[in-house]
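Read through the structure below, which is laid out as structure tokens, and then see the notes.
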Amino acid sequence: MKKSLQNILLSATAALVLTACNLGTGQNSAVEDTQIGLRNVELKDESNVKNPVITWKGDLPGSNEVYERSYENAPPLIPHSLEGLLPITIESNSCLTCHTPDTAKDMGTIPAPQSHYMYLSTGKKTVELNMERFNCVQCHVPQADAEPLVKNNFKADFRDGEGNRSSNLIDVLNQGIK
Ligand code: HEC
Ligand code: HEC
């Protein structure tokens, strides 16, 4: 009885010593937080963090080349300036003055596609824009003249000849399901 208690104590001490050693080596080989982020600063200290000055590309709507789609049915990038168009709220959305199917016909712009006028989950159509999409810039973003911080080798493959310039999500939505 006495012996086994001694054994337990001994192995408990050994475990403690081992844990302490592990912690020690862990600390020595730890990655510093200045090595983790792309900013290369101490992550817990925000005092010297400044947003870089960003120049957004694009002139007023109507005078810009559209970007190639990033991949098949990706949300297209905004090629024009957003000056005076933000913020977007539920009550006031300046994007819709040019991008609804009706206004786009009159103004010669690109209308928001059918997928924005329905519930994708049920297929039920909506008369107006499905308000789940009211915040256009949640998915569509303008572009800045900035070099990527991490090299990206992704190359998009488009199955449809037009796929790099327009979307057909509505036609391919159920591919592989039905
Ligand atoms: C005054 C009309 C007008 C307004 C307002 C407007 N756009 Fe546009 N938009 C255009 C035109 C015209 C184009 C075609 C490119 C160009 O000529 O600038 C375009 C292009 C786009 C494209 C690219 C589509 C593609 O097929 O590549 C997106 C995305 C877009 N706009 C999103 C928006 C969002 C989001 C807003 C609101 C913040 C907005 N637009 C407000 C007229 C407008
Ligand atoms: C939840 C993400 C999301 C939101 C929010 C959203 N879009 Fe889109 N949009 C997409 C995606 C993804 C596509 C491409 C696939 C498709 O057709 O649905 C697209 C496509 C488009 C296109 C190109 C249509 C074409 O024929 O190629 C236009 C224009 C557009 N959206 C405008 C808008 C406007 C204006 C708003 C705000 C009222 C908006 N979108 C909100 C994701 C979004």
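The values are calculated or read from the model by the stated rules, or taken from the named source; none is laboratory data. Everything numeric in this text was worked out from a predicted model, so none of it was measured. Please note: Cβ atoms are built from the backbone with ideal geometry, for glycine as well, and neighbour counts cover all protein chains shown. Accessible surface areas use protein heavy atoms only, side chains included; no ligands, DNA or RNA. Shrake-Rupley method; radii C 1.70, N 1.55, O 1.52, S 1.80 Å.
I need a count of the residues in the stretch 54-74 that are within 13 Å of Arg165 (Cα to Cα), open to solvent by 50 Å² or more (accessible area, probe 1.4 Å) and either modelled with pLDDT under 95 or more than 7 Å from ligand 1 (Cβ to nearest atom) (or both). Give the derivation first.
Filtering the stretch 54-74 for residues within 13 Å of Arg165 (Cα to Cα) gives 65-74.
Next, from what is left, pick out any that are open to solvent by 50 Å² or more (accessible area, probe 1.4 Å): 65-68, 70-71.
With either modelled with pLDDT under 95 or more than 7 Å from ligand 1 (Cβ to nearest atom) (or both) added as a condition, the list becomes 65, 68, 70-71.
Within the stretch 54-74, residues that are within 13 Å of Arg165 (Cα to Cα), open to solvent by 50 Å² or more (accessible area, probe 1.4 Å) and either modelled with pLDDT under 95 or more than 7 Å from ligand 1 (Cβ to nearest atom) (or both) number 4.
What number of residues within the stretch 158-176 satisfy the criterion of being at pLDDT 95 or above and away from ligand 1 (no atom under 16 Å from the Cβ)?
0
Name every residue in the stretch 101-133 that is closer than 25 Å to Ser63 by Cβ and within 24 Å of the chain's Cα centre (by Cα), in order of residue number.
Ile110, Pro111, Ala112, Pro113, His116
So, in the stretch 44-74, how many residues would count as being acidic (Asp, Glu) and without any contact (Cβ under 8 Å) to a residue 60 or more places away in the chain?
At the first step, the residues of the stretch 44-74 found to be acidic (Asp, Glu) are 45-46, 59, 65, 68, 72.
Subset that is without any contact (Cβ under 8 Å) to a residue 60 or more places away in the chain: 45-46, 59, 65.
So the answer is 4.
What pairs come up if the first residue lies in the stretch 14-43 and is open to solvent by less than 70 Å² (accessible area, probe 1.4 Å), the second is assigned to a helix (DSSP H, G or I) and modelled with pLDDT of 50 or more, and their beta carbons are under 9 Å apart, counting only those six or more places apart or on different chains?
Val41/Asp33; Val41/Thr34; Leu43/Asp33; Leu43/Thr34
Of Leu86, Leu82, which residue is open to solvent by 70 Å² or more (accessible area, probe 1.4 Å), aliphatic (A, V, I, L, M) and more than 10 Å from ligand 2 (Cβ to nearest atom)?
Leu86
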